[in-house]
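Below: one structure, written as structure tokens.
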Amino acid sequence: MTQSQVILITGASDGFGHLAAEKLLAKGHVVYATARRVDRMRDLQQQGAQTLHLDVTDTAEVQRVVSQIIAEQGRIDVLVNNAGFGQYGVVEAVSEDQLKYQFDVNVFGMHRLQQAVLPHMRDRQSGKIINLASIVSHVSAPLLGWYAATKHAIKGMTEALRMEVRDLGIDVVAIEPGAVRTGFEAVAFASMETLDTPADYDPLIEGMSNATRNMYASSPGPQSTARAIVRAVQARRPKAVYKTTPDSHILPRLKRLIGDRRYGALNLWMARRTLKRS
Ligand SMILES: NC(=O)c1ccc[n+]([C@@H]2O[C@H](COP(=O)([O-])OP(=O)(O)OC[C@H]3O[C@@H](n4cnc5c(N)ncnc54)[C@H](OP(=O)(O)O)[C@@H]3O)[C@@H](O)[C@H]2O)c1
């Protein structure tokens, strides 16, 4: 039986964060579920979670939330750095402000949380940080270049952090899902609609949007990823990386096997195929 742990989860109003919070509460842990849409976490509150407003782009709010948990519980055992979204669209069309916001949430947000909890975890010589990376930490595709850039950054940072804090008693874990049906897809496609994209890209956007929507339609739900988060929380010696869906195992291997050029051609072929059909 694992001891009850004090867990801070970001992005718990939907998707992986919400389901992982439910599972961790069911295991008897003390869960602080955070997000901007607090109303979407009422059910978690009824199940015993503490729910708090937290926008991960707000440094002062991050500090306040971490201080509040330490004041109330005396410790934070686990940080689940899950909040994030995908800014979709061709690389050329994403504005500098949109790109900055994409990194502000996915990468700098993660770092704000890490900087807030690490002094406390170092003092206690104990703690666990679980970062949501992705299959697109390893591969990329048209329309998700900048989103993949944030997840490549997260992979590089997470690997370094794992080594830096290992001897200080702190574990660092990366969770790598492939495509999963959550709120993610709707937010990502909505973000693309705000872009002013040159018409030259129209066939690519139509084909890749079709291919991506088809992929999501046959993708798994968030169960296996939420289960991996729970396993990582409860393990005495967690794995460095949890790949949580079949595609997250297969696609990086396929790319290594056939090479970058053929992997790119395969992506474009899949997009074009959807245009011939419609
Ligand atoms: N679904 C996939 O295919 C997939 C695959 C690989 C990795 N991931 C990663 O997994 C993580 C969770 O995604 P998901 O699939 O569960 O998506 P989701 O259902 O859209 O949930 C995303 C969560 O992030 C929160 N969030 C977004 N911006 C935020 C901000 N500025 N401050 C605080 N919270 C914020 C949202 O809460 P509020 O809007 O209420 O703040 C929401 O709770 C993300 O890091 C995502 O990149 C997803």
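The values are calculated or read from the model by the stated rules, or taken from the named source; none is laboratory data. On a predicted model such as this, the values are computed, not experimentally measured, just so you know. Here the Cβ is made from the backbone with ideal geometry for all residues, glycine too, and neighbour counts use every protein chain on show. Surface accessibility is based on the protein's heavy atoms, side chains included, excluding ligands, DNA and RNA. Shrake-Rupley method; radii C 1.70, N 1.55, O 1.52, S 1.80 Å.
General observations
- Scanning the range 82-91 for residues that are within 24 Å of residue 199 (Cα to Cα) and surrounded by 22 or more Cβ atoms within 10 Å (Cβ to Cβ), we see that the one that is farthest from the chain's Cα centre (by Cα) is 89.
- Residue 106 being within 14 Å of the ligand (Cβ to nearest atom), under 22 Å from residue 236 (Cβ atoms) and among the polar types (S, T, N, Q): no
- Each residue in the range 23-45 was checked for being closer than 16 Å to residue 227 by Cα and either touching a residue at least 60 places away in the same chain (Cβ under 8 Å) or touching a strand residue (DSSP E or B) at 6+ places or on another chain (Cβ under 6 Å) (or both), and 6 of them qualify.
Matching residues to (1) within 13 Å of the ligand (Cβ to nearest atom); (2) open to solvent by 20 Å² or more (accessible area, probe 1.4 Å); (3) among the acidic types (Asp, Glu):
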site: 80; (1), (2), (3): yes, no, no
site: 93; (1), (2), (3): no, no, no
site: 118; (1), (2), (3): no, yes, no
site: 125; (1), (2), (3): no, yes, no
site: 130; (1), (2), (3): yes, no, no
site: 148; (1), (2), (3): yes, no, no
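- Any hit, the range 174-182, residues being of a type in the set (A, V, I, L, M, F, W, C) and closer than 15 Å to residue 88 by Cβ: yes
- Any hit, the range 158-170, residues being within 16 Å of residue 232 (Cα to Cα), within 10 Å of the ligand (Cβ to nearest atom), open to solvent by less than 20 Å² (accessible area, probe 1.4 Å) and not hydrophobic (A, V, I, L, M, F, W, C): no
- Cβ separations smaller than 8 Å between residues 6+ apart or across chains give the following pairs from the range 66-79 residues that are touching a residue at least 12 places away in the same chain (Cβ under 8 Å) to residues that are assigned to a helix (DSSP H, G or I) and among the small types (Gly, Ala, Ser): 66/116.
- With respect to the conditions (1) polar (S, T, N, Q); (2) in a helix (DSSP H, G or I); (3) within 27 Å of residue 217 (Cα to Cα), residue 158 falls short on a single one, namely (3).
- Some residue of the range 52-68 being over 22 Å from residue 180 (Cα atoms), of a type in the set (S, T, N, Q), crowded, with 18+ Cβ neighbours inside 10 Å and more than 8 Å from the ligand (Cβ to nearest atom): no
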